[in-house]
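Peer 1: One structure, as C-alpha cells, below. Some questions next.
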Amino acid sequence: MVGPPPASGGGGAGKAVLWAAVGAVLASAAWAAGVFLIGAEDDPDLRGYSAPSNLCNSTDYSSFKEEYPDNDSSPTHNKLQDDALDESLCSISLKKSTSSYADAYLYSQLDLHKKTDPGPEFSAAWKNYADSHSGYDVEAITGIGDEAYLVSDDTTSGSSSGSLYATLAVRDGWVTYTMSYSAYYSSYDEDTDPPTLEEVTGYLKTDTRTTLEDLRG
C-alpha cells in the first residue's frame, strides 16, 4: 500500500523526491499493518500472481500514452523477495513530446502477502484514507479484484495550474496492487489542456485491469 507520491518538474531530482516520499509512506503502512494484524493462515491466496523482477516491464500504461507519448528511457524499479512478502515497485516519468522534463509520474506497486491476509489492514488503510489525510476523496470501485478504492486530490479546478493526484488500490485475495498518478500542471503550456481527474481515473482503471490480468498469467 502506498500514499501520494509527489510530482516534480525535474527528472532525476523528481524521482529522488518521489522515492523518498514513498519510503516514508511505506514505513507508515508497515506500522498500520502491525496495528491491524489479526493472524496468519496456512495457505496464502495468491490467485496465480507472481512478482516480476522488473515491474516496469509488466505495468501497462498505454491509456496514458496519448497524453504522454514520450517513453521514459530509464524507469526506476525495485524488488523485495522474502518468505513473508514478495514486492515489486516501479516509477515511470510521463512526458509530453514537447517537454524537457517530466510532466507527471506514474507509480505502481505489487505485493504478494505469503504469511498473513492483508484484507483487514488494506480496508482500514484505504477505506478510511480521507479521515487521516485532509483534502482527499475516497471512492469504492467495483469490478476490480475483491475490493478496490480510488483515492484522489484535485486542486486544478479544471485549469492548467494546481496539482492532481490519484491512486487506484486493489486487493485480490492476498495480493495488493496500487497504481498512482501525480502531476503539477504548472508545467503545461497555456494552450494545452491537461487531463482531468475523470480522464486519469479512467486511465487507471483500464491499465490496472490489464496489468493484473498479465501478472496473473
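Where a number appears in this text, it was derived from the coordinates with a stated rule and is not lab data. Here the structure is a predicted model, which means the values were calculated and not measured.
Peer 1: I141's amide H: which non-local residues (gap 5+, or another chain) put their own amide H closer than 5 Å, with H modeled 1.01 Å from N in plane and none for Pro or chain starts?
Peer 2: A148, Y149, L150
Peer 1: Residue-wise, which Karplus ³J(HN,Hα) couplings in Hz belong to segment 195-200, taking 6.51 cos²θ - 1.76 cosθ + 1.60, θ = phi - 60°, and x for glycine or proline?
Peer 2: Result, rounded to whole Hz: x, 7, 4, 4, 5, 4.
Peer 1: Also, quick follow-up: Each residue of segment 63-75 in turn: what ³J(HN,Hα) in whole Hz from Karplus with 6.51, -1.76, 1.60 and θ = phi - 60°, glycine and Pro shown as x?
Peer 2: Going residue by residue, I get 5, 7, 5, 5, 7, 10, x, 7, 6, 7, 7, 9, x Hz, with x marking Gly and Pro.
Peer 1: Please list 3J(HN,Hα) in residue order for segment 81-91, calculated via the Karplus relation 6.51 cos²θ - 1.76 cosθ + 1.60 where θ = phi - 60°; whole Hz, with x for glycine and proline.
Peer 2: Each residue of segment 81-91 in turn: 10, 8, 4, 9, 7, 10, 9, 10, 9, 8, 10 Hz.
Peer 1: Show the residues, 5+ positions off or on another chain, whose built amide H is closer than 5 Å to the amide H of K114.
Peer 2: For K114, the qualifying residues are L85, D86.
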